[in-house]
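Notes for the one structure printed next.
The values are calculated or read from the model by the stated rules, or taken from the named source; none is laboratory data. Everything quoted here is computed from the prediction, not taken from an experiment. Cβ sites come from the backbone with ideal geometry, for glycine too, and all protein chains shown count toward neighbours. The accessibility values were calculated without ligands, DNA or RNA, using every heavy atom of the protein model including side chains. Shrake-Rupley method; radii C 1.70, N 1.55, O 1.52, S 1.80 Å.
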Amino acid sequence: MRHSLPIAPQFYVTAPQPCPYLEGHTERKLFTALQGEHATQLNDSLSRQGFRRSQNVLYRPSCADCNACMSARIRVADFKPTRSQKRVIKRNDDLTRRATSPWATEEQFDLFRLYLETRHADGGMADMDIFEFAAMVEETPIRSRVIEYTIEDPEGNDDILKAVCLTDVLEDGVSMVYSFFDPDRNKLSPGTWLILDHIEIARSAGLPYVYLGYWVPGSPKMDYKAKFPALEIYHNGTWKSLDDPSDFASRFIQHPLATDPIAEQVARLDLPDVMTSGEI
């Protein structure tokens, strides 16, 4: 006998906690588990609706008094580097790209710790140990890659690791899940260069977008994303070109009653057909 059973993912919301981007605000996230045979389809669909992946969880901000966090992506076909970005490309031409399977190494962890201690010593990852780092890299139910960037050792030993990006391959692009680099290269703008290189990765693979995570107007940590041409943001259920970042400077503080109930937010999500019913 055949029975149709609902297999739609279950969604939850986190408790409020201090916002890492805007002082004096609290954040909460709408999230669901990323698992099972249809994980790839779910990740592709929800990524197009502003969600991000962290290990086997997909999440999207769902704050009661603010909607400043917006998913950002670059249209690869329309992107042309600025003069400043062309200089960044030239300054980092000593780096060699190497794509590997999502497998954590001690060399990656050492660079990760150095990056955190220098740039994010008080951040949420500051106490992460090697086992938690391995989980961040390796616990992925979808197609993921670790992109390593190295330089030649002047003494002829193994190449020296200088930057790493955990990258998901989506149906319509690549998603930069998390990246880190040697702080000694700060003056060379390695964060910007990693995005520029991922644009080339997407272009060579025939993929239309590079997903960057969230852009938050008013947050100095996020200002660099708005400097990329052909940038789109996900706002009010659609992707829109970010033509003038100043237009979004102060429009996102809202009345608590303006936030839709979680059930309504979930009801509006576009889920893959394979996630709505199943047969046994």
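Summary table below
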| read-out | value |
| --- | --- |
| The lone exception for residue 147 - which of (1) touching a strand residue (DSSP E or B) at 6+ places or on another chain (Cβ under 6 Å); (2) open to solvent by 50 Å² or more (accessible area, probe 1.4 Å); (3) not in a helix (DSSP H, G or I) it fails | (2) |
| Any pair with Cβ under 9 angstrom, 6 or more apart, that starts in region 56-84 at a residue that is acidic (Asp, Glu) and ends at one that is part of a loop (DSSP other than H, G, I, E, B) | 65/25; 65/254; 65/255; 65/259; 78/229; 78/230 |
| Subset of region 161-194 that is polar (S, T, N, Q), closer than 16 Å to residue 150 by Cα and over 12 Å from the mean Cα position of the chain (by Cα) - its residue that is most open to solvent (accessible area, probe 1.4 Å) | 186 |
| Matching residues in region 133-144 - criterion: being open to solvent by less than 30 Å² (accessible area, probe 1.4 Å) and out of contact with any strand residue (DSSP E or B) (no Cβ under 8 Å at 6 or more places or on another chain) | 133, 134, 135 |
| Close pairs (7 angstrom Cβ cut-off, 6 or more residues apart or separate chains): closer than 17 Å to residue 71 by Cα in region 194-209, of a type in the set (Asp, Glu) anywhere | 208/172; 209/172 |
